[in-house]
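Have a look at the structure below before the remarks.
The values are calculated or read from the model by the stated rules, or taken from the named source; none is laboratory data. None of the values given here were measured: they were computed from a predicted structure. Here the Cβ positions follow ideal geometry from the backbone for every residue, glycine too, while neighbour counts run over all protein chains shown.
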Amino acid sequence: MPLSFLKSIQTMKNNKQNLFLFALGMVSLVSSAQNFHQNKQKIYNDISKEVQNNNNLDQLAFELLDVIGPRLVGSPEMNQAHNWVVNTYKKWNIKAENVAYGEWKSWQRGTTEITLTAPRIKTIDGMQLAWNAVTKKPIEAEIVAMPFFETKVDFENWSETVKGKIVLISAYQNSGRPESQWKEHATEEDFFDYKAAKEKTNTAWNNSLKATGKNTREMVQFLEKKGAVGFVQSYFTGTMGSNRIFYSFAKNTPMVDVSLEDYGLLYRLAVNGKNPKLKINTKSKKLGTSKTYNTIATIPGKTKPNEYVMLSAHLDSWDGAQGATDNGTGTILMMEVARLIQKYAPNNDRTIVIGHWGSEEQGLNGSRAYVMNNPTEVQKIKVLFNQDSGTGRINYINGQGFTHAYNFLGTWLQNVPEEIRKHIKTDFPGMPQNGGTDNASFIAADIPAFNLSTQNWDYGQYTWHTNRDTYDKIVFEELRKNVITTTILTLEAANDPNEISNEKRILPTNTEWPTIKEPKRNSNDY
Ligand SMILES: [Zn+2]
């Protein structure tokens, strides 16, 4: 019991009537917390047991990733995912709704067939990029590689030759092996040479791009105007088989990404005068515009219903694969936490709100819209936990510049079992995040909003926004730990009798607290 509390009781004792009123108030105020704190160990044990033996994680992953699939903003699948989240919560007796905040062009991915038709036949491994132009029939044309340019005039002269051609627009990779293999297996001298050659090629490529005076997007649109009929990129991540799949820059012609192996083949055939030809057949649908949504679920608090503990994870993804680790894992983590709380500890002091955001990938749009649209609600959020960094175990929490984060977060973390907690490093008071993922939208509104950072499992090189972000990359062993950690942090926060301070640290000179930003409410820039 804090000293100030004791003192207030002593003052009260001087006045019998006040003491009676005070006691009456305290009975109702402390009942849920008392209940919770009395049974806490049993609740945590029951939850841990269910997480280990009988969790819903693989079923949720199956329904979201295998059945619904990728969740590109504006696509029918994205809306299907929002509805699935609402319906799943309803099955668990948790109130949830989809809240519209804007609109986006609606595009549905179809099939992609890319075939090398000359000098020999080969199926090419690749796919169209998101929002690709809808083409009525396949195109077949000669491939040209972009040469290295020294000046803008060089580029402009060359651009007169692309009419009717398919243009290769990525840098050629000398080796398809990841650097880690070179390091492990090559002789020291050969590894050194490999690195030097790679750096030389990269520098030459970047200088050539700079010479054109255009970024890749502007270049594609310029070449399209000059009559190019298609574009092929290969956005290799450095890990075997893994390419990043974003969106097309072309307005009316197809733009596809192909594997490093096939890109190399096309490139070598083109620069060695073999006049290779490619047939590209992309199918997709334009479905007008769709509303964009956030899904918001609520487990009402009993004694402090106007104080919120918020769980946060974006529901959308890019659509090169299934969005399993970005952010299927964050999504099913928060859903499973909510299910367990509703089952084992539904009566908490504070209200628990779960935000499943739309369009994080285009600039935290769903969460920014929530902050902008709900100024009164946002002030009720006392603390927020966001997860959006892949499938690994939680291993780091930054205090985000909140002076007292050490006290409350540190105390809550003590309740996480030692074998899980020992992996979690903290940094207090830390520095406020200005972007990157959705907790940043709330930090800008002075809400202690923490990111549950994770062991990376080659997230950046392997699954993040790639064609390899699939169900099999989920590490359920790690996810189970995260369910336990997040459930305990949430219940501790929802029943902490103390106020949760949002006092901000004094920032170093030349740094400023992030400010609230407008979301994109339409797809005009895409
Ligand atoms: Zn993400």
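Listed by first and then second residue, the pairs linking a residue in region 498-526 that is under 18 Å from Asn373 (Cα atoms) to a residue that is of a type in the set (D, E, K, R), with Cβ atoms under 9 Å apart and 6 or more places separating them unless they lie on different chains, are Ile516/Arg368; Lys517/Arg368; Glu518/Arg368; Pro519/Arg368; Lys520/Arg368; Arg521/Glu103; Asn522/Glu103; Asn522/Lys105. Pairs linking a residue in region 344-357 that is surrounded by fewer than 21 Cβ atoms within 10 Å (Cβ to Cβ) to a residue that is at pLDDT 95 or above, with Cβ atoms under 7 Å and 6 or more positions apart or on different chains, are Tyr344/Ile43; Tyr344/Asp46; Tyr344/Ile47; Pro346/Ile299; Asn347/Lys302.
Could you please give the count of residues in region 428-449 that are in contact with a strand residue (DSSP E or B) (Cβ under 9 Å, 6 or more places away or on another chain) and either within 16 Å of the ligand (Cβ to nearest atom) or in a strand (DSSP E or B) (or both)? Residues that pass the stated criteria total 9. Applying the criterion of at least 1 residues that are among the aliphatic types (A, V, I, L, M), surrounded by fewer than 20 Cβ atoms within 10 Å (Cβ to Cβ) and touching a Ser or Thr at 6+ places or on another chain (Cβ under 8 Å) to the strands (runs of 3 or more DSSP E) found wholly in region 86-130 leaves 95-118. Only a single item in (1) away from the ligand (no atom under 16 Å from the Cβ); (2) touching a His at 6+ places or on another chain (Cβ under 7 Å) is not met by Thr486, and it is number (2).
Taking the condition assigned to a strand (DSSP E or B) and under 23 Å from the mean Cα position of the chain (by Cα), does Met78 pass? No.
Every condition in (1) crowded, with 23+ Cβ neighbours inside 10 Å; (2) within 19 Å of Trp92 (Cβ to Cβ); (3) touching a Phe, Trp or Tyr at 6+ places or on another chain (Cβ under 7 Å) holds for Asn243 except the one numbered (2). Take the residues in region 131-143 that are out of contact with any Ser or Thr (no Cβ under 7 Å at 6 or more places or on another chain) and assigned to a strand (DSSP E or B), then tell me which one is surrounded by the fewest Cβ atoms within 10 Å (Cβ to Cβ). Across region 131-143, the extreme among qualifying residues is Glu142. For region 296-320, a residue qualifies if it is in contact (Cβ under 8 Å) with a residue 60 or more places away in the chain, away from the ligand (no atom under 16 Å from the Cβ), in contact with a strand residue (DSSP E or B) (Cβ under 7 Å, 6 or more places away or on another chain) and not in a loop (DSSP other than H, G, I, E, B), and the qualifying residues are Ile296, Ala297, Thr298, Ile299, Glu307, Tyr308, Val309, Met310.
Given the condition closer than 30 Å to Gly288 by Cα, part of a loop (DSSP other than H, G, I, E, B) and not small (Gly, Ala, Ser), answer yes or no: does some residue in region 167-186 qualify? Checking region 167-186: at least one residue is closer than 30 Å to Gly288 by Cα, part of a loop (DSSP other than H, G, I, E, B) and not small (Gly, Ala, Ser).
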